[in-house]
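Enquirer: Below you'll find the structure I mean.
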Amino acid sequence: MAPPQSFSGVLLLVLALAVLDPAAAAAEEPRWAPALEAAEGLAEELWGAGLPGDLPELEPECRSLLAAFAEGCAALTGCLGRRARPVRLCQGCHGLYRRLLTLYGSIARAVGNSSESHNCAKSILTSDRLQIVVTLSEFFNETWEAANCANCLKNNSEGLSNSTEEFLDLFNKSLTCFEHNLQGQTVYLSPNNYTEVCKNCNETYTKLNDLYNNLQRMNRQSDESGHSAHLCIDVEDAMNITRKLWSRTFNCSLPCSDTVPVIAVSSFILFLPIVFYLSSFLHSKQKKRILILPKRIQSNASLVNIQEKYS
């Protein structure tokens, strides 16, 4: 016989209060303390009575892993939110992301102490339709892959790669140069004369721009091995910021290193029609000079001599 609906509701409430996080309950201690103590006592009696059915209780080891994963999610979410603008996700959050991957792996591998039915992976990851832990893990993985953070980090993801550190160093030097040469003028004022910025920061900006183009070229070449052709979001955002300051705010221009070849090719194409018409004119004029002259008609005297010879 099924228990009455009111009893089922009371039972669910008792179990919910019994598994409340002690830290959360402490915040409301004056209000929840008596009810929590009563619920814990009643829950122990119910468990001791051997209630039928598979109640969703976790082993201590599994509960500890779940709590650690929840803390890791909160820490990584806070890091991503704080470093959203300007984008510094890969630089500041790679340690938290690696820790979360380790915690998820521990949940997927760990087994409780009692029996196979209390496997942590089964209890935490696949015991319900929503699968919150799996959903959270997939969200962080997709965000990390979309940011292409692997292209900024070393192979083992323990830190930034040498090329990324070199780029960020030049980026910081460029911003410092901009700030130093502004001489107290803010970039949000009406356009002023920024010739000092363009002149004094040209070398640093050129190095930064060349390094960024180099990194892009290397990344495209490694695209065949399965990596994304994009650089990590930190590097792309830093370069976008610098280029906007250089071209839009300061109205500076960067000399193109391919100017001479472009001018040479353009000049050659421009003079092609002139060369063509000149050669055509000379050729036609020379053809007029070399005419085939017709043979002269022999005189009557020569014809008479020929006739006398053969008569």
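Enquirer: Considering only residues that are assigned to a helix (DSSP H, G or I) and of a type outside the set (S, T, Y), look in the stretch 199-209 and name the one that is most open to solvent (accessible area, probe 1.4 Å). I'd like the intermediate steps shown before the answer.
Expert: To start, the set of residues in the stretch 199-209 that are assigned to a helix (DSSP H, G or I) comprises 199-200, 202-209.
Retained after the next criterion (residues that are of a type outside the set (S, T, Y)): 199-200, 202-203, 207-209.
Numbers: K199: 150, N200: 71, N202: 48, E203: 121, K207: 108, L208: 0, N209: 19 Å².
Among them, the one singled out is K199.
Enquirer: Based on this model, can you work out whether F167 counts as touching a Phe, Trp or Tyr at 6+ places or on another chain (Cβ under 9 Å) and assigned by the TED database to the domain that holds L96?
Expert: When the stated conditions are applied, F167 does not pass them.
Enquirer: Here is a further query. Based on what the data block shows, is Y212 at pLDDT 95 or above, open to solvent by less than 70 Å² (accessible area, probe 1.4 Å) and hydroxyl-bearing (S, T, Y)?
Expert: yes
The values are calculated or read from the model by the stated rules, or taken from the named source; none is laboratory data. Because the structure is predicted, anything quoted here is derived from the model rather than measured. Note: ideal-geometry Cβ built from the backbone for every residue, glycine included; neighbour counts use all protein chains shown. When the accessible area is computed, the model is the full protein with side chains, heavy atoms only, and any ligands, DNA or RNA have been set aside. Shrake-Rupley method; radii C 1.70, N 1.55, O 1.52, S 1.80 Å.
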